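In what follows, a structure is listed as structure tokens, so that the remarks can point back to it.
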Protein chains: 2
Amino acid sequence: MLTERQLLILQVIIDDFIESANPVGSRAISKKDDISLSAATIRNVMADLEELGYIEKTHSSSGRVPSEKGYRYYVDNVVGPHMENGNLSIMRDLVRDDFIDFEKLVQKSAEVLSDLTNYTSIILGPEIFETKLKQLQIVPLTDHSAVAILVTDSGHVEHRSFTIPAEISATDLEKIVNILNDRLNGISLARLPEVITTEVLSLMQMYVHDFEKSYQYLKSAFFKEQPVKLYIGGKTNLLTQPEFNDIKKIRAFYQMMENEDQVVNLLKTPQHGIKVTIGNENKFEEIKDFSLITASYQFGNEQMGTIALLGPTRMEYRKVITLLNALSNEMTDALYLWYKNNET
Amino acid sequence: MLTERQLLILQVIIDDFIESANPVGSRAISKKDDISLSAATIRNVMADLEELGYIEKTHSSSGRVPSEKGYRYYVDNVVGPHMENGNLSIMRDLVRDDFIDFEKLVQKSAEVLSDLTNYTSIILGPEIFETKLKQLQIVPLTDHSAVAILVTDSGHVEHRSFTIPAEISATDLEKIVNILNDRLNGISLARLPEVITTEVLSLMQMYVHDFEKSYQYLKSAFFKEQPVKLYIGGKTNLLTQPEFNDIKKIRAFYQMMENEDQVVNLLKTPQHGIKVTIGNENKFEEIKDFSLITASYQFGNEQMGTIALLGPTRMEYRKVITLLNALSNEMTDALYLWYKNNET
DNA sequence: GTTAGCACTCTGGCCTTCTGAGTGCTAATT
DNA sequence: AATTAGCACTCAGAAGGCCAGAGTGCTAAC
């Protein structure tokens, strides 16, 4: 447990370093308004803090820099407990204004977030499997090709082009669509394959010629793995950070960000609420000197998606955490309202 | 006009520099297999070439580097006339395999192209205004919101969510959709607004209550400016180029690439076929030491889209030009076939 | 016309020096 | 006993000097 004085000095060091990116020395600290101690005294405190592992030197006669342990302490004990709801209004306006199209909202949020913070924002879109089928449509283009369209109750639209095998006639296709629409309305996307196999298959068998073939085609058209929606905003923001001056780092970072699977993997967390991952706490080597703050937004009790900000370990934790918290709350609220409206 | 010897030396310099990125000296040239002249002779030729403006020194006692004029000459007189159709098979397989979904094809092409060349590829998707409306659909989600879906004969799907104003009833909405589908089928997207105003408006007036309001809403839902589809592949490839060692350059470049409008603007060219833009020939300051090779692909006589590769001025022009040429031909062919099939 | 030879130039790597910021410790002060 | 002033010491990074190497231009010989 830190003494009050130690905590004060630690805070000052972290705040100063977050702002300036330079190691902070005893003299500079003693000059701050809320410090009335001499540099020498502060040196003693700093020696203690270093021994405890909260700060470090970059070389034997340099000023101090917060260690990861230091940031962790700061996040857990300083910013965590005193979370204000600042910036709520911006987020609220954003979410309320644009809610009709969920995907666009998510995308725009990513942009706003990265503009506001100057870090890189990553948003994992809603898992559409949790939403329900509203309508299914097949539009023939030519004799042998068509596009299948699937609309969910959240206003999401998926489409796939596919070839119609010669064995399936236009009337058969129409019948199939009718059957599907009749039976599948309101079924969650996750359950679609199951329901098709148990209920629809037998129906098709009765009405449709060569149903087996049709079934195969439908399946391949709709039940391929759904791509995860991933939005990244302000990828270039990090370039302005002073710690990003090494070309090798830049390369490693961008190479990693190009790999969608890896980014998704990074964000996926079972945890609700805000989660802060500092430096080496991160999964991947490439971002071992970054910090990642994730917040999830919900749809009922199901987790739906994740919002995250990625920046240097020297990150404005207070600001970022407040912001993400506000946005995730707003999004959860908006989703709840939407859901309710949909029920009626 | 260059003498044969001068041309030979120029070629060697350019080829060597493209490969090594280092200024090339007389001694190195004289050692090449296809050169049987001494370094001193070559120095004389080089002095001539420099006087003519085709090569430059980086400092008074350095080797020579091609100037932009040099690259231009090389492209126009060396690679242009002797274009082989190499790599055709890769491109053909790519295009043929995947043609069903045009957008995915374009996206994948961008990837393949950047992988194959290690430069950044940019593809401007097909201008969907040239294609024709196949079907229009409105799917109501709740009492006051719906999603409008528009399918073109090329299999492209656009969708927009919108709010239904209280004044418009469900039956009216249905009527409107019926009218629209009836009248608009086969009309090119570009002509939609016009046809709606001249033909459909009067019909709506007859059948639909409060048609004016409905009309406004439809218009806003469908005839907003269509976003241009832009695919960029291998953004990080350029990081591996040695000329990209200056952080400022990197920043300027990425900042520019984030601005979609600017990128689109860069690619838009009235010209058919292959176009090479070297260094300062480019529109924007940010890429004044890059080269851009663009190729357009067609749909009938209408230009549809553009494929481009962006790399350092020290670019493998021969390879890139051959590749782009092949791909653009394949895409034009594929589009032609598709179009024909659609007619029948 | 071509080539060998030589003096000259410039870059980039390496070493040294020097300054300024910052520390740790000791002794004096409150 | 806690705080502070004073001082010697350390280290990074900037500035300058010093080469070696690659390359050139020019002259004179082939």
Filter the range A:297-320 for residues that are open to solvent by 10 Å² or more (accessible area, probe 1.4 Å) and modelled with pLDDT of 90 or more and give the result. A:Thr313, A:Arg314, A:Glu316, A:Arg318, A:Lys319
Expected single match for more than 14 Å from every other protein chain (Cβ to nearest Cβ) and within 20 Å of A:Gly233 (Cβ to Cβ) among A:Thr306, A:Thr313 is A:Thr306
Looking only at the range A:144-159, which residues are more than 7 Å from chain B (Cβ to nearest Cβ) and more than 24 Å from the chain's Cα centre (by Cα)? A:His144, A:Ala146, A:Ala148, A:Leu150
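Confirm whether B:Thr163 is away from chain A (no Cβ under 14 Å), closer than 27 Å to B:Val228 by Cβ and open to solvent by 40 Å² or more (accessible area, probe 1.4 Å).
Working: away from chain A (no Cβ under 14 Å): no; closer than 27 Å to B:Val228 by Cβ: yes; open to solvent by 40 Å² or more (accessible area, probe 1.4 Å): yes.
When the stated conditions are applied, B:Thr163 does not pass them.
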Return the pair list, or none, for Cβ contacts closer than 9 Å from residues in the range A:36-64 that are over 17 Å from A:Val12 (Cβ atoms) and more than 14 Å from chain B (Cβ to nearest Cβ) to residues that are more than 10 Å from DNA strand C (Cβ to nearest atom) and part of a helix (DSSP H, G or I), at least 6 apart or on different chains. A:Gly53/A:Lys69; A:Gly53/A:Gly70
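So which residues in the range B:177-235 are of a type in the set (Lys, Arg) and at pLDDT below 75, if there are any at all?
The first filter runs over the range B:177-235 and keeps only residues of a type in the set (Lys, Arg), leaving B:183, B:191, B:213, B:219, B:224, B:229, B:235.
Within the range B:177-235, B:Lys213, B:Lys219, B:Lys224 qualify.
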I'd like the residue in the range A:11-33 that is without any contact (Cβ under 8 Å) to a residue 12 or more places away in the chain and over 18 Å from A:Arg314 (Cβ atoms) and, out of all such residues, is farthest from DNA strand C (Cβ to nearest atom). A:Asp33
Filter result for the condition that a residue is of a type in the set (A, V, I, L, M) and either at pLDDT 80 or above or touching a strand residue (DSSP E or B) at 6+ places or on another chain (Cβ under 9 Å) (or both), over A:Leu88, A:Leu150, A:Leu94: A:Leu150
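One line per residue, one yes/no per condition, for (1) within 14 Å of chain B (Cβ to nearest Cβ); (2) touching a residue at least 12 places away in the same chain (Cβ under 8 Å); (3) among the acidic types (Asp, Glu):
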position: A:Gln241; (1), (2), (3): yes, yes, no
position: A:Asp246; (1), (2), (3): yes, no, yes
position: A:Ala252; (1), (2), (3): yes, yes, no
position: A:Asp261; (1), (2), (3): no, no, yes
position: A:Leu266; (1), (2), (3): no, yes, no
position: A:Ile274; (1), (2), (3): no, yes, no
Test: residue in the range A:124-142 that is more than 12 Å from chain B (Cβ to nearest Cβ) and modelled with pLDDT of 80 or more: yes
If you scan the range A:107-120, which residues turn out to be within 13 Å of chain B (Cβ to nearest Cβ) and open to solvent by less than 10 Å² (accessible area, probe 1.4 Å)? A:Ala110, A:Ser114, A:Thr120
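The values are calculated or read from the model by the stated rules, or taken from the named source; none is laboratory data. For clarity, every value in this text was computed on a predicted model and none was experimentally measured. Cβ sites come from the backbone with ideal geometry, for glycine too, and all protein chains shown count toward neighbours. Side chains are part of the model used for accessible areas, which takes the heavy atoms of the whole protein and leaves out ligands, DNA and RNA. Shrake-Rupley method; radii C 1.70, N 1.55, O 1.52, S 1.80 Å.
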